[in-house]
């Protein structure tokens with residue numbers, strides 16, 4: 001009985017310490033992320049994007065907030081294209097780095113905020129961020145990206161931008177939209193919307 005009680009106490013302490021550490025990390029990076037939490041892109045959404053976009057056409061793909069690296073791993077596995085990611089959450093960064101090593105990927109992630117990066121060479125960007133920072137992101141991408149560059153935003157639209165396409169899978173839980181924008185034709189009234197992908 002004492003062994004079981006001791007085990008329960010140890011497990012409880014480990015869970016408490018993990019949650020405490022996670023809370024400290026979230027608090028520490030809050031000013032950098034604008035409140036965006038580390039939420040992995042659902043696998044069904046990543047699959048939909050990979051199936052719908054031909055990433056072999058792009059030379060410089062950037063991921064703004066790499067999380068656990070599942071998007072970059074999927075792009076490189078399917079299309080052989082390297083992705084450069086940015087991540088400021090130390091836990092997510094370490095998970096992504098481990099995935100890169102484990103899967104022997106040529107993609108990379110840097111422990112740095114994408115807000116400080118010049119993205120003018122990117123011809124494709126992907127993000128799954130927080131709605132409150134999308135207006136600021138729109139200004140940055142509209143200012144820095146070249147004409148014809150593709151911007152992919154999971155879940156949240158860029159305010160004032162006109163999507164070239166809106167993808168939506170029919171999964172019963174993960175059916176949020178994915179917005180595809182083309183720099184140069186991204187301003188104006190919304191274009192095509194609706195379901196563009198069936199799971």
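Overview of results
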quantity: Residue that is nearest to the chain's Cα centre (by Cα), among those in segment 119-134 that are within 22 Å of residue 157 (Cα to Cα) and loosely packed, with under 15 Cβ neighbours inside 10 Å; calculated: 131
quantity: Filter result for residue 146 (assigned by TED's automatic domain parsing to the domain that holds residue 80, crowded, with 17+ Cβ neighbours inside 10 Å and outside any strand (DSSP E or B)); calculated: no
quantity: Residues that are surrounded by fewer than 12 Cβ atoms within 10 Å (Cβ to Cβ) and part of a helix (DSSP H, G or I), drawn from segment 94-109; calculated: 101, 102
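The values are calculated or read from the model by the stated rules, or taken from the named source; none is laboratory data. Because the structure is a prediction, the values reported are computed rather than measured. Every residue, glycine as well, gets a Cβ built from its backbone with ideal geometry; the counts of neighbours run over all protein chains shown.
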